[in-house]
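K.L.:
One structure, pasted below without further comment.
The values are calculated or read from the model by the stated rules, or taken from the named source; none is laboratory data. None of these values were measured; they are calculated from a predicted model. In this analysis, Cβ positions are derived from the backbone assuming ideal geometry, glycine residues included, and neighbour counts consider all displayed protein chains.
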Amino acid sequence: MPEHRGRKHHQDRVAEALRLEIGTMIEGELSDPRIDLCYVSEVGLNPGGKSARVYVALDSGTKDIAKAEAETIAGLEAAKGYIRHQLKERLGVRHVPDLAFIADRSGRFQSRIEELIGRSRKNTAGKRDEPQQKSMGAKPFPEQGALLH
């Protein structure tokens, strides 16, 4: 089966153009108060080009991030028709893919994982520095001759 490198390259270019244009709209044109400070982290275009997943990451300085994510996604879903219409005009294409907005939590997960790894490294470094102590109640292994009795 031949590789469709040209098709893949085209999909990557379209996805990048969508990411840039949607990001520009979110930053300056959408005035919905539900949409918090956010950016488009990635656009995943389906192979047929009929639909796209738009991953939106919120600013980490938000206090109630779960509520802000839900409201931002709801605001973007409400503005989906306007966004698609503007994309059609700006990109000059016949068909704009159907957009699905998804909250991107990968940055928060990554920072949490790095925090846990840092704690683990501190704990293991502290244990290596401590001298090895024998436990008081532990019995030494019996000699091989003692097992025969």
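K.L.:
Exactly one of (1) at positive phi; (2) surrounded by fewer than 16 Cβ atoms within 10 Å (Cβ to Cβ); (3) of a type outside the set (Lys, Arg) is unmet by Gly49. Its number?
P.N.:
Condition not satisfied by Gly49: (2).
K.L.:
Can you tell me which residue within segment 52-78, out of those that are polar (S, T, N, Q) and within 16 Å of the chain's Cα centre (by Cα), is surrounded by the most Cβ atoms within 10 Å (Cβ to Cβ)?
P.N.:
Thr72
K.L.:
Let me spell it out: the conditions are (1) closer than 29 Å to Lys8 by Cα; (2) at pLDDT below 85, and Asp64 meets all of them except one. Which number is the exception?
P.N.:
(1)
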